[in-house]
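Have a look at the structure below before the remarks.
Each reported figure results from applying straightforward, stated rules to the coordinates on display, with no laboratory input. Note that the structure is predicted; figures quoted are calculated from it, not measured. All Cβ positions, even for glycine, are placed from backbone atoms using ideal geometry, and neighbour counts span all protein chains on display.
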Amino acid sequence: MSSQASHESKSKSDLKISDQALVCHESKLRGDITIGPNTIVHPRATIIAEAGPIIIGASNIIEEQAYIINRLRPGADPSIVQVMEIGSNNVFEVDCVFESSMMGNQNVLEVKSHVGPGVEISDGCIIGAGCKLNGNERLPEKSVIYGSDCARRIAMDKPPHPSLQIDYLTKILVKYHHLKKPRSAN
Amino acid sequence: MALMFQSDVVQYVCTCGQLKPISLMYFCRHCLKLRCGYCVCHEVDSHYCSNCLEILPSAEARLKKHRCQTCFDCPNCLNTLAVRATTVSVRDPDDPNKVNSLKKYYHSCFFCRWTTRDVGLPDQAVQTVSANGWSQKGESNIQRINVLLEYVRLLGMQERHEREQREKKFTPRSRRTFTHHPGLTAAHVRKRAGLPPELPAPSTIRDNLAEFQPAVAKEEVASLPESIFTEELDIDQVTTLTQRLAQPETQPESIVDLIPSCKHLCTKRSQRCRGCEHNVSKPDLNPSSIKFKIQHAASFHVPEVRLVSVQPLIGSKECEIVIVFSNPSQQPTTISFITLEEAEAEAQEHTEVTPDTSVPQGEAPPSLSSLTRSPPVMEEPRPVSIAVTGDVNLPTADVEIVLAPKDDAAEYDDSSDTQQFHDDPQIVVHRRANKASLRLTVIPHADKAGQNCTIGFGFRYTYINRISTPASASFEPQKVQLSSRTFLNCGKIKESQ
């Protein structure tokens, strides 16, 4: 118990939350995490930086039960730091799992989707509800993965910007939840 | 639900000889027989769109090719398309400095994010887009199809004409007598006699047929486009077979040519017993309602058998199984076991007696005149084609097990059962509310090791018939003894050591 508490206090010091970001207190953040401005982290969302730091850009929405983990690969050398980068304007919907090390901008991970460690996501992609990706690849821009057998297509447009939703959440969430205080890098 | 009723574990024998789980069967309360989907008449009650829930009369539905005119399916993933609105700013034609904002609508799929903009279809000014907004292209075949349909219709008329000529000598007397009535035209008489309307003269039919131009085979076939040899194939741009077949008129090869297709209509169907033409199931007409006007599912009338536990099945060794009987009716019922042969004999006996006892004359609904509807089909029940791979020791036929009536409140009642039944503890293991667990011994066949052990038995049960018939003036619930056959799949047989 005591060891866990000490671990928590140690990792909490690595947490960097931007001034305009909105991180609910009930979210679970472990390790070296940087959260950019206007990003919203819902209660019960989990972000774990195990193998290296996680850098999250601006205006992302990370919903309840979303699980973002920079996992230590089995057999990998723990001394090599592996950075997970998440761009801006991405939406992580309820109960999605993101284990990859790269995500661009304006992507949507729909409910219960799963992105494995080998899948790099570029810009404007949509991973449909319940779709699982476990290969080693880089998704081309504006890819849409949908349906029970993960069919693919390339869309014309990127998914809509989540700014309206962010405006709404910044008004609502502060009324009912305690927030984690923004803290700078030092 | 399928798991709950153990769809492939316990199967009942339908009157027609089909094996079905009880959840998929009907029970006709008039001829007191089990009916399955294959031995009922299906009738379409209404056509409706599953998206906008609009009811269409069947004539209109046929006219609109059984498709809804306002709802569309995604051509990419075949789910329903949703209408989305956007505001577009348009420069005022009168005043170049003024900018008007206009609301425009387009269709988009929530599943695969396909939009009508993907294929370059223009946004619409109104929310409800009619189908002819964009489905104009590629309908070059429609005229030829209409000509062919007309030709086949004429052929049919000619054939009917010839047949009527042959039968003219034997016009029934009853029809002729109608002509004496004053004020009745020939068309009226035909309608009353249940005959189709009068045909045009044979000479006009022949003339019209002569006008038809048959298709001519071409010597030259259009050559393949140059690009097919030179350009690399992008598999993402090619439509799948499902997408192509969803649009039979155009069958596009490239995803650029996909256009939304009108949504197919759904039907509400009622099921009618083949023996007595009474409804066994009739849904509510309103598409938004999931209730039924009449619903005689077998699981509301026939005791249900479920398999509870099986001891390891070893060839030619006795092993115990526990099954549970539950009584779905509001009256107590008595169950006794019989062998399959006895049950089959009883079922056949029942079939022979039916026509004159359980379907009294004059009971058929008045709308069903013999002219509009075919007479009830009496089919020989087919033999059951399932191989029994285990013998079961049944309690003797005089062992009667009484099942308490179903009480919906009993589920929430914690008090222990106060009912007293004189059960043989060797057979009845456990009782609760309307259920009784019974222990049976099964001897799997030794030479069938590795296969599934299928056992079969018949059982008699008492059923209270609450249908009042006009023939019997005094209404009194009738107690009848019915029998049913079931087959149980108990699992794999192990090798005997």
Which of B:Val9, B:Val147 comes first, and how do the rest follow, when ranked by fewest Cβ neighbours within 10 Å? B:Val147, B:Val9
Provide the per-residue ³J(HN,Hα) series for segment B:307-313, in order, calculated from phi with Karplus coefficients 6.51, -1.76, 1.60 and θ = phi - 60°, each as a whole number of Hz, with x at glycine and proline positions. 8, 9, 8, 10, 6, x, 8
Placed amide H near B:Asn434: partners under 5 Å, 5+ positions off or other chain: B:Asp407
Summed over the other residues with a beta carbon less than 11 angstrom from that of B:Gly458, with K and R at +1 and D and E at -1, the charge totals -2
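So how much slack lies between B:Glu400 and B:Ser23, counting 0.36 nm per residue of separation and subtracting their Cα-Cα distance, in nm? Please report the intermediate quantities before stating the final value.
Working: separation 377, 0.36 × 377 = 135.72 nm, distance 2.55 nm.
Computed gain between B:Glu400 and B:Ser23 is 133.2 nm.
Can you figure out the FRET efficiency of B:Leu63 with B:Val90, using R₀ = 35 Å and their beta-carbon distance, to the nearest 0.05? Walk me through the numbers on the way to the answer.
Working: r = 37 Å, r/R0 = 1.07.
Taking R0 as 35 Å, the efficiency between B:Leu63 and B:Val90 is 0.40.
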Max mean-square fluctuation residue, GNM over chain A, Cα-Cα springs under 10 Å, options A:Ala129, A:Ala151, A:Ala51: A:Ala151
Using a Gaussian network model on chain A with a 10 Å cutoff between Cα atoms, which of A:Ala155, A:Ala21, A:Ala76 fluctuates the most? A:Ala76
Which distance in nm do the two modelled labels at B:Ser203 and B:Val44 give, with both placed 7 Å along the Cα-to-Cβ direction? 4.0 nm
Is the C-alpha gyration tensor of chain A telling us rounded, prolate or oblate? Criteria: a/c under 1.5 is rounded; beyond that, a/b larger than b/c is prolate, otherwise oblate. oblate
Whole-Hz couplings from phi, Karplus 6.51/-1.76/1.60, listed for segment B:316-330; x for Gly and Pro: 6, 10, 6, 9, 8, 10, 10, 10, 10, 9, 10, 9, x, 8, 7
Simple spin-label estimate for B:Val322/B:Val83, 7 Å along Cα→Cβ, in nm, reads 5.9 nm
Sorted from fewest to most neighbouring beta carbons within 10 Å, what does the list A:Ser113, A:Ser163 look like? A:Ser163, A:Ser113
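If the limit is 24 Å between Cα atoms, which of A:Lys132/B:Lys263; A:Lys142/A:Lys181; A:Lys158/A:Lys180; B:Lys33/B:Lys406 go over it? Don't skip to the answer; put the middle values down first.
Working: A:Lys132/B:Lys263 30 Å; A:Lys142/A:Lys181 35 Å; A:Lys158/A:Lys180 32 Å; B:Lys33/B:Lys406 21 Å.
A:Lys132/B:Lys263; A:Lys142/A:Lys181; A:Lys158/A:Lys180, as the Cα separations exceed 24 Å there.
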Compute the distance in nm between two label points, each set 7 Å from the Cα along the Cα-to-Cβ direction, one at A:Asp157 and one at A:Lys112. 2.9 nm
Gain in span if fully extended, B:Gln481 to B:His161, counting 0.36 nm per residue against the direct Cα distance: 109.8 nm
Sorted by chain and number, the residues with a modelled amide H under 5 Å from that of B:Lys494, at a separation of 5 or more or across chains, are B:Leu313, B:Ile314, B:Gly315, B:Gly450
In chain A, what percentage of the DSSP-assigned beta bridges are antiparallel, given to the nearest 5? 15 percent
Calc'd 3J(HN,Hα), segment A:117-134, phi into Karplus 6.51 cos²θ - 1.76 cosθ + 1.60 (θ = phi - 60°), Hz, glycine/Pro = x, comes to x, x, 9, 8, 10, 7, 10, x, 8, 10, 9, x, 4, x, 7, 10, 10, 10
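Among B:His66, B:His296, B:His422, rank each residue by its count of other Cβ atoms within 10 Å, from fewest to most, as a rough exposure measure.
Numbers: B:His66 15, B:His296 21, B:His422 7.
Sorted ascending by nearby Cβ count, the order is B:His422, B:His66, B:His296.
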Local electrostatic count, B:Tyr106, Cβ distance below 14 Å [Lys/Arg +1, Asp/Glu -1]: +2
Stretchable slack from A:Lys171 to A:Ile80, in nm (0.36 nm times residue separation minus alpha-carbon distance): 28.7 nm
Take chain A, connect every pair of alpha-carbon atoms lying under 10 Å apart with a spring to form a Gaussian network, then pick out the residue of A:Pro74, A:Pro160, A:Pro53 with the largest mean-square fluctuation. A:Pro74
Collect residues whose amide H, placed 1.01 Å from N in the peptide plane, falls under 5 Å from the amide H of B:Phe110; neighbours closer than 5 in sequence don't count. B:Ala82
Given the C-alpha centroids of segment A:146-184 and segment B:21-98, what is the distance between them in whole angstrom? 33 Å
